[in-house]
Structure formats: C-alpha cells, structure tokens
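Data block below; observations after.
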Amino acid sequence: MTKLLEICCKCGFVHRDDRHKPNHKQRKLHYHWNPENNEKIKNGYTLHATICASCVEPDGMVDWAEYDEQRKVTSFSKYYVKTSYNAALPNKYRGKFDIMYYLQAEYFDIEEE
C-alpha cells in the first residue's frame, strides 16, 4: 500500500501529507475521485485526486446540501473517514477537474526517501 498525498488540484491546500509524521490531516471540506486515467504514484506516494469543496464552484461557495448528500453516498468501506471531511465528487463534475489533477501530478515533485 502506498502512502497518500492529498493536495487540492486547484488551490494547492494540503488535506493530507503522509511524508510527515505524525500524519497531519487538515480539516477542510474536500472531494475525492478517480480520474479517467487513474491516479498517479510517484516514489511510493499516491497523489490522491482531491479538490476542496469551496474550489468546485467558481464563486467559492460550498453547496452544503450537495456536500452533505455526497458524504452520505461515499463508500464507507473505502473512502469515508469520520474524522476527515471528505466526500465523493458528485458525478456531474466527473472529468471536469482531471486536467488540473494531471498537471499537478506531472509537476509536483516528490523526492525519494
């Protein structure tokens, strides 16, 4: 199993960074998804496709009803973490943020340990 890096592909906010111990998780609403060509792994770290809930909309407003609904449908066995504010990206956004994620994955350098 690889370690995780969860960095918003739009604003760069770090939601989780397993390079540092203890594991620091930031408490900000965010969505996860599986991009069309899968997530990238660099030097043993999965760059988890992540975007802040406030970065999804151009005006920066969180759609609270949508976020709450996505928390309810997030796979409890795989992605749902009670102490994290993560949710599955709504289907209407599937593919929309992939290019941002792939640019981040291409240029974000992770040095070997």
- Query: Under 5 Å between amide H atoms, partner at least 5 residues away or on a different chain: which partners does residue 15 have, H built in plane at 1.01 Å?
  - Reply: 6, 7, 8
- Item | Peptide ranges 90-102, 47-59 listed from the most packed, as the mean C-beta count within 10 angstrom indicates | 47-59, 90-102
- Task: Quick one: give the max-minus-min coordinate of the C-alpha atoms of the range 3-107 along each principal axis, largest first, in Å.
- Result: 37, 29, 25
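Kindly flag which residue pairs out of 21/96; 40/72; 40/96; 42/96 have an alpha-carbon separation exceeding 25 Å in this structure.
Too far apart for the 25 Å limit: 21/96; 40/72.
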- Message: Applying a 10 Å radius around every beta-carbon, put 15-21, 60-66 in order of their mean neighbour count, most first.
- Response: 15-21, 60-66
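Read-outs: derived from the displayed coordinates by stated rules, not from any lab. Model, not experiment: these values are computed from the prediction. Cβ atoms come from the backbone with ideal geometry, glycine included; neighbour counts cover every protein chain shown.
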